[in-house]
Amino acid sequence: SFVVANAATPGVFGLTPNIRQQLDKQYIDVAISEEHAIAMISGLAKNATKTSYSPYSNFKVGAAVRMANGKVFTGSNQENAAYSACLCAERVALLYACANAGDSYPVSIAIAAYQNGDFTKNIITPCGECCQVLIEMEKRFSHNITIYLYGKNETKIIKSAKDLLPLAFELGVRS
């Protein structure tokens, strides 16, 4: 996991300059601009593509989930010869984060893809199943999850998973 903090919190977390240096990419300073924060969480998602197991598609996806308590969890896609057993990076990161972050909840997720020796030029979006899980988490925690979609040519910011899947499955009758 990662720790997100700002200059006012080093004593609280014990983040001396020496420890910050040891944490390297696991430390995110939240006292920076939104552009820097997006670049940093997107960088963690890009880095997560290195742990992808994708021998069938050769399409490596990484995701980084930032929790309200400042921790960041990463995940990558994991393929299987039985395709239905595959897991997308978004679900790996999100479910791992929710299982390990205690009382905290997800506030954002960044997604990046790597193929043919480079990151994709265009953004990729979560599949419908991942959107459904993101929407369920928004409902569970009564909080929207901001989605950063990274591409070399652009990064898109989506304010809620509902914007990606407006007709998500719901039990019962729609209002």
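The values are calculated or read from the model by the stated rules, or taken from the named source; none is laboratory data. Computed from a predicted model, the values in this text were never measured in an experiment. Here Cβ is always computed from backbone atoms with ideal geometry, including for glycine, and neighbour counts include all displayed protein chains. These accessible areas exclude ligands, DNA and RNA; they are computed on the full protein's heavy atoms, side chains included. Shrake-Rupley method; radii C 1.70, N 1.55, O 1.52, S 1.80 Å.
Distance between the 7 Å Cα→Cβ label points at residue 51 and residue 156: 2.7 nm.
Compute the separation of the alpha-carbon centres of region 53-99 and region 128-175 and state it in Å as a whole number. Computed from Cα coordinates, the inter-centre distance equals 16 Å. Label 7 Å along Cα→Cβ of residue 34; region 111-132 residues with amide nitrogen under 14 Å? Under cut-off, by backbone N: nothing. Estimated from the Cβ-Cβ distance and a Förster radius of 41 angstrom, the FRET efficiency linking residue 142 and residue 81 is about 0.55. In a DSSP loop and with at most 13 other Cβ atoms within 10 Å, the trypsin sites (Lys or Arg not before Pro) in region 135-175 are 152, 159, 174.
Computed over protein heavy atoms with a 1.4 Å probe, the accessible surface of region 56-175 works out to 53 Å² per residue. For region 62-77, the Karplus equation 6.51 cos²θ - 1.76 cosθ + 1.60, evaluated at θ = phi - 60°, returns couplings of x, 9, 10, 10, 9, 9, 4, 7, x, 6, 10, 10, 10, x, 9, 5 Hz by residue, with Gly and Pro reported as x.
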